[in-house]
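Just dropping this structure here.
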Amino acid sequence: MLGEVPAVQARLAVQWSPAPWAVRVQWQGAPRQGRVDPGIGERPVAGWGTVAVTFAWKPRESVELSVGAENLFDRTYTLHNAYTRDPFAAGVAVPEPGRFLFARVSWRR
């Protein structure tokens, strides 16, 4: 049995913040997972990469409004064999949710 070590993932983000605005673009991904344990039903999982973007505005020092999207290009991907250590799992790789849009209001005293 292989050790229970999570698969390698990488994140790379760039942020531009000319006050009171900010824009952040982030890439997150993982290479193909080929080191698997077929004895417990694991199968190789394809590599993947997603892009997220966030736009923020600070009208005051204590308030920030932001909107954004995760998985901007609505890519279908599966996390690497995250289900296999669950004894009740069916052994089926389930794709992650598609594009996720959000709006957020932050307030600080």
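What are the pairs, 6+ residues apart or on separate chains, where a residue within the stretch 89-105 that is under 30 Å from ILE40 (Cβ atoms) has its Cβ under 8 Å from a residue that is surrounded by 12 or more Cβ atoms within 10 Å (Cβ to Cβ) and at pLDDT 90 or above?
Hits for this filter: GLU96/ASN71; PRO97/ASN71; GLY98/ASN71.
May I ask you to verify whether GLU42 is of a type in the set (Asp, Glu) and loosely packed, with under 11 Cβ neighbours inside 10 Å? Write out each step before concluding.
On the way: of a type in the set (Asp, Glu): yes; loosely packed, with under 11 Cβ neighbours inside 10 Å: no.
No.
Output the residues belonging to the stretch 1-39 that are modelled with pLDDT under 95, surrounded by 13 or more Cβ atoms within 10 Å (Cβ to Cβ) and of a type in the set (A, V, I, L, M).
ALA7, ALA30, VAL36
Which one is modelled with the highest pLDDT among residues in the stretch 51-101 that are loosely packed, with under 11 Cβ neighbours inside 10 Å and of a type in the set (Phe, Trp, Tyr)?
Applying the filter and picking the extreme gives PHE73.
The values are calculated or read from the model by the stated rules, or taken from the named source; none is laboratory data. Computed from a prediction, not measured in an experiment: that's the story for all the values here. So basically every Cβ, Gly included, is an ideal-geometry build from the backbone, and we count neighbours across all protein chains shown.
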